[in-house]
Amino acid sequence: AALKDGLRSQVSAALKEGRVTPTELCQQCLARIKSTKFLNAYITVAEETALKQAEESEERYKRGQPLGILDGIPIAVKDNFNTAGIETTCASNMLKGYISPYNATVVQKLLDRGAVLLGKTNLDEFAMGSGSTDGVFGPVRNPWSYSKQYKEKSVSKSHSEDEESNWVNLGGSSGGSAAAVSSFTCFAALGSDTGGSTRNPAAHCGVVGLKPTYGLISRHGLIPLVNSMDVPGILTRCVDDAAVLLGSLAGHDPKDSTTIQDEFKPFGLPDLTGVSKLSIGIPKEYHAPGLSSEIVALWSKAADLFKNAGAKVVEVSLPHTRYSIVCYHVLCTAEVASNMARFDGLEYGHRSDMKDSTESMYAATRREGFNDVVRGRILSGNYFLLKQNYEKYFVKAQKVRRLIADDFVKVFRSGVDVLLTPTTLSDAAPYMEFIQEDNRTRSAQDDLLTQAANMAGLPAISVPTALSERGLPVGLQFIGRSFQEKQLLTVAKWFEKQVQFPVIQLEEVKRHDNGVFQHQKSASFS
């Protein structure tokens with residue numbers, strides 16, 4: 001029961017009162033990780049390190065000197081954040097065996113507040129994907145595939161092999177972190193969000209996914225995908241917990257020049273008694289091609305919920321949204337080409353045995369180290385950056401990006417407080433159906449409703465809203481004004497309270513615990 005509570009409720013109180021110890025909590029989570037390893041949520045489980053951190057936390061509680069609300073709380077971190085003493089792979093052969101000499105700023109901040117790091121979670125290789133299917137360690141399974149809610153509504157299969165292929169995808173690229181939170185193996189997890197990589201899996205896993213304003217949280221130690229859009233993301237089981245983590249992570253970092261200079265003051269979220277003073281914007285352009293009728297109905301129902309509660313609900317226009325996904329992929333691949341250039345086999349990571357020449361060693365290293373998706377994005381990005389194409393593609397995309405950002409500015413200046421949109425086009429697709437389309441096609445579809453917030457640098461949060469007809473989670477997205485996270489999260493909390501999203505009922509699935517994924521490793525700080 002303790003694993004299902006929020007940070008601000010029973011768990012924090014239980015730790016303070018001694019009804020559960022940090023060590024007991026850590027052991028429960030580690031046992032849960034082992035019993036759900038068929039989900040493939042974790043790449044590395046740092047059991048020894050986690051237990052040591054839990055013991056240190058326990059000593060602080062005994063002295064009556066806990067470091068705060070996160071002291072003793074088990075968390076997980078996406079495997080594209082550097083962690084000292086624990087392997088950081090980005091789910092790629094290129095970085096297999098790489099151990100960073102330092103912690104990412106966000107990781108260090110969590111450890112400084114007493115959080116217990118359980119391990120590193122699975123992802124698409126170098127966070128390039130929207131399904132958590134393209135990493136070298138294999139795909140992540142959606143915990144809801146094994147829920148009572150889904151099984152009651154899915155077609156019963158008589159053969160175990162048919163049931164084995166019946167599991168559903170969970171979005172990406174932070175799928176491992178979303179699965180870890182959803183399956184109760186940790187209380188919160190870090191993801192990264194470049195075009196929706198935190199919000200997308202959050203929606204499919206029935207958890208909260210927050211992408212803060214660009215520059216509010218340090219990117220130092222996050223292995224970059226797209227520097228101008230990357231943001232560390234937060235995954236929790238409730239909005240209040242997301243606010244707790246944000247308060248611990250936000251603020252200026254001298255190691256990241258893009259972070260805000262102003263001091264950030266952590267905040268608690270008030271309980272809204274009403275929403276009559278709010279103006280909720282409904283962007284008409286988000287009625288996108290491919291949006292399922294079920295999502296449209298849920299979106300409309302949510303708008304009516306605000307309207308009936310007294311909020312002003314208005315249709316707004318973001319006219320350049322229809323260009324955003326194309327613009328995003330031009331800018332994304334261009335920055336990817338630049339960022340991936342560092343992986344040449346000389347300084348760190350994989351190095352080919354090819355010794356004919358330096359050039360052949362470079363080529364062989366990158367061919368062996370990167371998968372087809374990464375190599376494809378590098379090729380596309382370099383094409384857009386060619387001298388004869390630079391103005392035609394890259395510069396034009398930058399100009400369109402400014403127009404997209406200006407659309408949001410105009411809407412918020414008109415008096416709208418928060419935008420309400422879908423997070424995804426539909427509920428989670430079956431894995432076998434998902435992999436029928438290539439990574440580029442799926443990413444274009446799955447990022448459609450989320451990447452514009454990254455292009456504009458705005459805060460956005462996906463809140464689990466209801467179960468689909470198939471018994472799978474559906475989330476809706478709130479987009480807020482720049483650096484107005486408190487208002488955004490307060491609205492999200494009110495909405496969360498109204499919809500009362502059900503808790504996942506995970507069934508015992510011992511038959512799946514067959515050791516298929518044996519790559520999970522022990523790790524400890526040296």
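The values are calculated or read from the model by the stated rules, or taken from the named source; none is laboratory data. Just so you know, these numbers come straight off a predicted model, no measurement behind them. Ideal geometry is used to build each Cβ from the backbone, glycine not excepted, and the neighbour counts take in all protein chains shown. These accessible areas exclude ligands, DNA and RNA; they are computed on the full protein's heavy atoms, side chains included. Shrake-Rupley method; radii C 1.70, N 1.55, O 1.52, S 1.80 Å.
Answer yes if at least one residue in the range 232-247 is assigned to a loop (DSSP other than H, G, I, E, B), closer than 29 Å to C332 by Cβ and among the charged types (D, E, K, R), and no otherwise.
Filtering the range 232-247 for residues assigned to a loop (DSSP other than H, G, I, E, B) gives 237-238.
Next cut, closer than 29 Å to C332 by Cβ only: none.
Within the range 232-247 (the criterion being assigned to a loop (DSSP other than H, G, I, E, B), closer than 29 Å to C332 by Cβ and among the charged types (D, E, K, R)), the answer is no, since none of the residues qualifies.
The sole residue among S482, S426 that is closer than 20 Å to W167 by Cα, at pLDDT 95 or above and either in contact with a helix residue (DSSP H, G or I) (Cβ under 9 Å, 6 or more places away or on another chain) or part of a helix (DSSP H, G or I) (or both) is S426. The listed residues are G119, G114, and the only one of them that is at pLDDT 95 or above, touching a Leu at 6+ places or on another chain (Cβ under 6 Å) and open to solvent by less than 10 Å² (accessible area, probe 1.4 Å) turns out to be G114. State yes or no: is L420 under 27 Å from S380 (Cα atoms) and in contact with a helix residue (DSSP H, G or I) (Cβ under 9 Å, 6 or more places away or on another chain)? No: the conditions fail for L420.
One line per residue, one yes/no per condition, for (1) open to solvent by 10 Å² or more (accessible area, probe 1.4 Å); (2) farther than 28 Å from I217 by Cα; (3) among the aromatic types (F, W, Y):
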{"site": "Q28", "(1), (2), (3)": "yes, yes, no"}
{"site": "K37", "(1), (2), (3)": "yes, yes, no"}
{"site": "Q53", "(1), (2), (3)": "yes, no, no"}
{"site": "P66", "(1), (2), (3)": "yes, no, no"}
{"site": "I69", "(1), (2), (3)": "yes, no, no"}
{"site": "T89", "(1), (2), (3)": "no, no, no"}
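Given the condition open to solvent by 70 Å² or more (accessible area, probe 1.4 Å) and of a type in the set (D, E), answer yes or no: does some residue in the range 419-436 qualify? The answer is yes, given that some residue of the range 419-436 is open to solvent by 70 Å² or more (accessible area, probe 1.4 Å) and of a type in the set (D, E).
E285 - would you say it is closer than 20 Å to R481 by Cα, in contact (Cβ under 8 Å) with a residue 24 or more places away in the chain and charged (D, E, K, R)? Before the answer, list the steps.
Values: closer than 20 Å to R481 by Cα: yes; in contact (Cβ under 8 Å) with a residue 24 or more places away in the chain: yes; charged (D, E, K, R): yes.
Yes: the conditions hold for E285.
Yes/no matrix, rows are residues, columns are (1) farther than 27 Å from I217 by Cβ; (2) of a type in the set (S, T, N, Q); (3) within 25 Å of the chain's Cα centre (by Cα):
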position: V374; (1), (2), (3): no, no, yes
position: N389; (1), (2), (3): yes, yes, no
position: Y393; (1), (2), (3): yes, no, no
position: K399; (1), (2), (3): yes, no, no
position: V411; (1), (2), (3): no, no, no
position: V416; (1), (2), (3): no, no, no
position: M432; (1), (2), (3): yes, no, yes
position: V463; (1), (2), (3): no, no, yes
position: G471; (1), (2), (3): yes, no, yes
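Kindly indicate whether E17 is open to solvent by 50 Å² or more (accessible area, probe 1.4 Å), more than 22 Å from the chain's Cα centre (by Cα), acidic (D, E) and at pLDDT below 95. Let's see the steps before the verdict.
Working: open to solvent by 50 Å² or more (accessible area, probe 1.4 Å): yes; more than 22 Å from the chain's Cα centre (by Cα): yes; acidic (D, E): yes; at pLDDT below 95: yes.
Judged against the criteria, E17 is a match.
If you go through the range 358-410 and keep only what is part of a loop (DSSP other than H, G, I, E, B), of a type in the set (S, T, N, Q) and free of Cβ contacts under 8 Å to residues at least 40 places away in the same chain, you end up with Q388, N389. More than 30 Å from G471 (Cβ to Cβ), open to solvent by 20 Å² or more (accessible area, probe 1.4 Å) and not basic (K, R) - does that describe any residue in the range 126-133? No; the residues of the range 126-133 include none that is more than 30 Å from G471 (Cβ to Cβ), open to solvent by 20 Å² or more (accessible area, probe 1.4 Å) and not basic (K, R). Residues that are part of a helix (DSSP H, G or I) and in contact with a Pro (Cβ under 6 Å, 6 or more places away or on another chain) within the range 59-77 comprise just one, R60.
Residues in the range 30-58 that are among the polar types (S, T, N, Q) and assigned to a helix (DSSP H, G or I): S35, T49, Q53, S57. Looking across the range 267-282, the residues that are assigned to a loop (DSSP other than H, G, I, E, B) and touching a residue at least 40 places away in the same chain (Cβ under 8 Å) come down to F267, L269, P270, D271, L272, V275, L278. Scanning the range 253-283 for residues that are among the basic types (K, R) and either closer than 30 Å to P224 by Cβ or open to solvent by less than 100 Å² (accessible area, probe 1.4 Å) (or both) yields K255, K265. Go through the range 136-164 and give me each residue that's in a loop (DSSP other than H, G, I, E, B), open to solvent by 50 Å² or more (accessible area, probe 1.4 Å), of a type outside the set (K, R) and at pLDDT below 95. Result: V155, S156, S158, H159.
For (1) within 25 Å of the chain's Cα centre (by Cα); (2) part of a loop (DSSP other than H, G, I, E, B); (3) exposed (fewer than 15 other Cβ atoms within 10 Å of the Cβ), each residue gets a yes or a no:
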position: A297; (1), (2), (3): no, no, yes
position: S300; (1), (2), (3): no, no, yes
position: L305; (1), (2), (3): no, no, no
position: T321; (1), (2), (3): yes, no, no
position: S324; (1), (2), (3): yes, no, no
position: Y328; (1), (2), (3): yes, no, no
position: A334; (1), (2), (3): yes, no, no
position: A337; (1), (2), (3): yes, no, no
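Scanning the range 482-506 for residues that are within 30 Å of I404 (Cα to Cα) and open to solvent by 70 Å² or more (accessible area, probe 1.4 Å) gives F483, Q484, K486.
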